[in-house]
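Notes follow the structure.
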Amino acid sequence: MLSGKFKIKVYYEDTDAGNVVYYANYLKFLERARTEMISSIGMSNKRLIDEYGIFIIVRSCKIEYKKPVMLEDLIEINSNVKSVTRSTITMDQIIKKDENIVTEAEIVLITVNKSGKPVKIPDVLKDKLKN
């Protein structure tokens, strides 16, 4: 199954008044890592919309915050596809700082059409996710 790594530096806009990353911003970091992983296999969200008429959206998210991340920390997001079904992609995503796990998430994605109805993942994407 597909996996990828993505590094991000924490900026002031990512933090709260105590210079700690605001909890909702971890979801943005995870989204950026997933987007970069899709890009690494020659696909993009725009291409999936334009050529296949599908959107990849989050169906569910289970996230555990283990340690705080602070202003100007450099973090690495490891994204691993766990399973792919007809219309869902399940991923494990781990955020690390200095090789220490700070956040773990399980994300379930679903492909939908422009009306929001679940649709089959295009074979070209499915094949790349499984390799």
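Just the number, please: carbon plus sulfur as a percent of the accessible area of segment 37-115, 1.4 Å probe, no ligands or DNA/RNA counted. If you can, show how the numbers build up before the last one.
Values: 2020 of 4190 Å².
Within segment 37-115, the accessible surface is 48 percent carbon and sulfur.
Report ³J(HN,Hα) in whole Hz for each residue of segment 104-120, in order, from the Karplus equation J = 6.51 cos²θ - 1.76 cosθ + 1.60 where θ = phi - 60°; Gly and Pro get x.
10, 9, 10, 10, 10, 9, 9, 8, 10, 8, 5, 8, x, 8, x, 9, 5
Which ³J(HN,Hα) values in Hz, rounded to whole numbers, follow from the phi angles of segment 75-84 under the Karplus curve 6.51 cos²θ - 1.76 cosθ + 1.60, where θ = phi - 60° and Gly and Pro get x?
Couplings: 10, 10, 10, 9, 10, 9, 6, 8, 7, 9 Hz.
Which value at 222 nm does the chain reach when only helices count, each DSSP H run of 4 or more adding -39,500 (n - 2.57), with the total divided by all residues and rounded to the nearest 500 deg cm²/dmol?
Details: 3 runs with 32 residues, N = 131.
Estimated from H runs of four or more residues: -7500 deg cm²/dmol.
Where a Cα-Cα gap under 30 Å defines reach, which lysines qualify for Lys128, not counting those fewer than 8 residues away within the same chain?
Lys5, Lys7, Lys9, Lys28, Lys46, Lys62, Lys82, Lys96, Lys97, Lys114, Lys117, Lys120
Can you pull the three principal axis extents for the Cα set of the chain, in Å, largest first?
The Cα atoms of the chain stretch 44, 29, 24 Å along their principal axes.
Once amide H atoms are placed 1.01 Å from N in the peptide plane, what residues at a sequence separation of 5 or more from Val119, or on another chain, have their amide H within under 5 Å of its amide H?
Thr111, Val112, Asn113
Just to confirm the number: angle between the C-alpha axis of helix 25-40 and the first principal axis of the chain, 0 to 90 degrees, nearest 10?
The helix 25-40 is inclined about 50 degrees to the chain.
Beyond 18 Å, what percent of the Cα pairs of segment 55-131 remain?
Considering segment 55-131, 49 percent of its Cα-Cα pairs are separated by more than 18 Å.
What nm value, rounded to one decimal, do you get for the distance between Val20 and Met70 when each label is placed 7 Å out toward the C-beta?
1.2 nm
Test of understanding: extend the Cα→C-beta vector of Lys7 to 7 Å, then name every residue of segment 13-39 with backbone N under 16 Å from that spot.
Counting only backbone N, you get 33.
How large is ³J(HN,Hα), in whole Hz, for each residue of segment 91-98 in order, when computed from phi with the Karplus curve 6.51 cos²θ - 1.76 cosθ + 1.60 and θ = phi - 60°, using x for Gly and Pro?
Those phi angles translate into 10, 9, 10, 10, 9, 10, 10, 6 Hz.
Would you mind getting the accessible area per residue of the chain, heavy atoms of the protein chains only, 1.4 Å probe, in Å²? If you can, show how the numbers build up before the last one.
On the way: 7420 Å² over 131 residues.
Using a 1.4 Å probe on heavy atoms only, each residue of the chain averages 57 Å².
Taking 0.36 nm per intervening residue step and subtracting the Cα-Cα distance, what contour gain separates Asp50 from Asn131 on full extension?
Values: separation 81, 0.36 × 81 = 29.16 nm, distance 2.37 nm.
Extending this stretch completely gives an extra 26.8 nm.
The values are calculated or read from the model by the stated rules, or taken from the named source; none is laboratory data. Predicted model, so just to flag it, every value in this text is computed and none were measured. All Cβ positions, glycine included, derive from the backbone under ideal geometry; neighbour counts span all protein chains shown. Side chains included, ligands, DNA and RNA excluded: accessible areas come from the protein's heavy atoms. Shrake-Rupley method; radii C 1.70, N 1.55, O 1.52, S 1.80 Å.
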